[in-house]
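Student: Got a structure here, written out as structure tokens. Questions coming.
The values are calculated or read from the model by the stated rules, or taken from the named source; none is laboratory data. Predicted, not measured: the structure shown is a model, and the values here were computed from it. Please note: Cβ atoms are built from the backbone with ideal geometry, for glycine as well, and neighbour counts cover all protein chains shown. When the accessible area is computed, the model is the full protein with side chains, heavy atoms only, and any ligands, DNA or RNA have been set aside. Shrake-Rupley method; radii C 1.70, N 1.55, O 1.52, S 1.80 Å.
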Amino acid sequence: MSDQQRITVRVPAKINISLAVGPLRADGFHELTTVFQAVDLYDVVTAERAEGIALAVQGPEATGLAADDTNLAWRAAALLAEAGQSRAGVALHVSKFIPVAAGLAGGSGDAAAALLACDRLWGLGTPMAELDALAARLGSDVTFALYGHTALGTGRGERLSPISTTSEFHWVLAVASRGLSTPSVYRELDRQRQATGVPADGAAPDRVVAALQAGDYTALADAMGNDLQPAALALAPELARTLEAGVSAGALGGMVAGSGPTCVFLAQDRATAQSIARDIQASGTCRFAVAVLGNVAGARPATLPADQ
Ligand code: C5P
């Protein structure tokens with residue numbers, strides 16, 4: 001057993017550089033082919049020994065988030081306790097910096113961080129393959145949050161293979177003043193496809209993978225894309241102005257991040273990303289914009305050196 005009383009894990013947000021949505025499956029999920037990348041906007045999850053499970057959520061992006069057993073961090077702790085046949089308890093504390101319902105997998109990240117933190121706190125030493133399986137049960141993006149960096153995701157997004165790239169990627173996130181519910185964006189995509197008769201192809205992101213491996217930003221901007229974008233734009237038409245603002249500010253390319261409503265822009269370097277973020281913010285088309293670095297590590301205990 002571990003004698004640790006307190007474990008802190010930080011976990012990054014993710015973007016989808018390519019998101020190809022295939023057909024709706026019988027289980028209510030869509031078959032995906034996606035390229036995930038972790039970016040350096042982090043939530044911080046602390047786990048302390050306690051009786052039963054308790055959760056507190058605070059921080060600049062905590063507004064409106066339930067701190068009860070519907071929260072993915074709580075569910076992660078409960079699932080791990082059940083799987084590890086542990087009677088140990090935990091008081092979880094989540095500091096939210098990743099916006100909620102923004103398409104950045106903040107909730108999934110908190111679940112991944114809670115899994116890792118509770119595993120250490122309770123001294124379970126759960127093998128990574130088992131943590132992966134638990135992560136996949138919690139949500140489609142939770143497995144990626146355990147690993148971070150850049151990966152190809154298939155299945156509903158939980159089957160991962162790493163994409164190696166030595167380059168740095170500079171992005172700008174433009175965060176909207178409201179959230180979008182992921183299921184409603186997928187439902188809108190299905191509705192649009194039915195109405196227009198366009199088949200769900202879930203195309204392979206070969207050009208994105210090649211551009212990432214080559215560190216070719218122009219090719220990456222040209223190849224990146226998100227099948228959910230038309231659905232997110234239908235539900236939040238004001239995002240068209242945010243996308244325009246980023247491109248006018250000098251981004252190589254821009255798109256909706258995941259199921260939105262955050263918009264993400266590729267910049268050629270850090271200084272340009274910062275200036276694009278300032279310009280988008282000044283355009284008044286988002287709640288705030290921030291420059292982030294892509295290809296960072298996934299959920300990691302804060303006491304260990306991060307392998308970024
Ligand atoms: O797995 P996660 O909880 O993040 O998924 C949230 C919702 O997004 C699902 O209930 C489903 O409506 C939709 N979704 C989907 N296909 C995926 C992933 C998510 O339809 N591959």
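Student: For segment 112-154, what are Rg and Dmax over the alpha carbons, in angstrom?
Tutor: Calculated on Cα positions, Rg and Dmax stand at 10.4, 31 Å.
Student: Suppose R0 equals 41 Å. What FRET efficiency, 1/(1 + (r/R0)^6) with r the Cβ-Cβ distance, do residue 240 and residue 85 give to the nearest 0.05?
Tutor: Values: r = 51 Å, r/R0 = 1.26.
Computed FRET efficiency for residue 240 and residue 85: 0.20.
Student: May I ask you to compute the full-extension gain from residue 63 to residue 178, defined as 0.36 nm times their residue separation minus their alpha-carbon distance, rounded to one decimal in nm?
Tutor: That works out to 40.3 nm of additional length.
Student: Same structure again: Compute the distance in nm between two label points, each set 7 Å from the Cα along the Cα-to-Cβ direction, one at residue 4 and one at residue 50.
Tutor: So the label points at residue 4 and residue 50 sit 1.8 nm apart.
Student: A follow-up question, please. Please list, ordered by chain and number, the residues whose modelled amide H lies under 5 Å from the amide H of residue 285; skip anything fewer than 5 residues away on the same chain.
Tutor: Counting only residues 5 or more places away or on other chains, the set is empty.
Student: Let me ask something additional. Rounded to whole Å and sorted largest first, what semi-axes of the equivalent ellipsoid does the C-alpha gyration tensor of segment 109-183 yield via the square root of 5 times each eigenvalue? Don't skip to the answer; put the middle values down first.
Tutor: Working: eigenvalues 114, 61, 39 Å².
Output for segment 109-183: semi-axes of 24, 18, 14 Å.
Student: While we're looking at this one, here's another question. From largest to smallest, what semi-axes in whole angstrom does segment 169-294 give when each is the square root of 5 times an eigenvalue of its alpha carbon gyration tensor?
Tutor: Semi-axis lengths for segment 169-294 are 24, 20, 10 Å.
Student: Let me ask something additional. What relative contact order, as a whole-number percentage, does the chain give when Cα pairs under 8 Å and 6 or more residues apart are counted?
Tutor: Relative contact order, the chain: 25 percent.
Student: I would also like to ask the following. Length gain on complete extension for the stretch residue 275 to residue 198, per 0.36 nm per residue less the alpha carbon to alpha carbon distance? Don't jump to the answer; show the numbers that get you there.
Tutor: On the way: separation 77, 0.36 × 77 = 27.72 nm, distance 3.83 nm.
Gain on stretching residue 275 to residue 198: 23.9 nm.
Student: Taking the simple approach of a point 7 Å from Cα along Cα-to-Cβ for both residue 190 and residue 168, what is their distance in nm?
Tutor: Distance between label points: 4.3 nm.
Student: What ranking, highest mean first, results for peptides 110-116, 212-218 when packing means the other Cβ atoms within 10 Å averaged over each residue?
Tutor: 110-116, 212-218
Student: Here's another thing I want to ask about it. When ligands, DNA and RNA are left out and all protein chains stay put, how many square angstrom of accessible area per residue does the chain have with a 1.4 Å probe?
Tutor: Here the residues of the chain average 42 Å² of exposed surface.
Student: Let me ask something else about it. Once the Cα atoms of segment 34-105 are picked out, what are the Rg and Dmax in Å?
Tutor: Rg, Dmax (Cα atoms, Å): 13.4, 40.
Student: Next up: Scan the chain and hand back the longest stretch that contains none of the trypsin sites (Lys or Arg not before Pro) lying in DSSP loops with at most 16 other Cβ atoms within 10 Å.
Tutor: Longest stretch, sites excluded: 179-286.
Student: Please compute the modelled spin-label separation between residue 128 and residue 268, points set 7 Å along Cα→Cβ, answer in nm with one decimal.
Tutor: In this crude spin-label approximation the distance works out to 3.7 nm.
Student: Which value, in Å to one decimal place, does the Kirkwood hydrodynamic radius take for segment 73-113 when every pair of different Cα atoms is included?
Tutor: Across segment 73-113, the inverse of the average 1/r is 11.3 Å.
Student: A further question on this structure: Hand me the GluC sites (Glu not before Pro) from segment 1-78 located in a DSSP loop with no more than 10 other Cβ atoms within 10 Å, in residue order please.
Tutor: Qualifying residues, ordered by number: 51.
Student: Along its three principal axes, how long is the chain when you only count alpha carbons? Whole Å, largest extent first please.
Tutor: Each principal axis gives a Cα extent; for the chain these are 54, 44, 37 Å.
Student: Would you work out what percent of the accessible area of the chain, with all protein chains in place, is carbon or sulfur (probe 1.4 Å)? Please list the in-between numbers first.
Tutor: On the way: 6650 of 12940 Å².
Heavy-atom surface of the chain belonging to carbon and sulfur, 1.4 Å probe: 51 percent.
Student: Using the Cα gyration tensor of segment 6-162, with a ≥ b ≥ c the square roots of its eigenvalues, what is the shape: rounded (a/c below 1.5), prolate (a/b larger than b/c) or oblate (neither)?
Tutor: prolate
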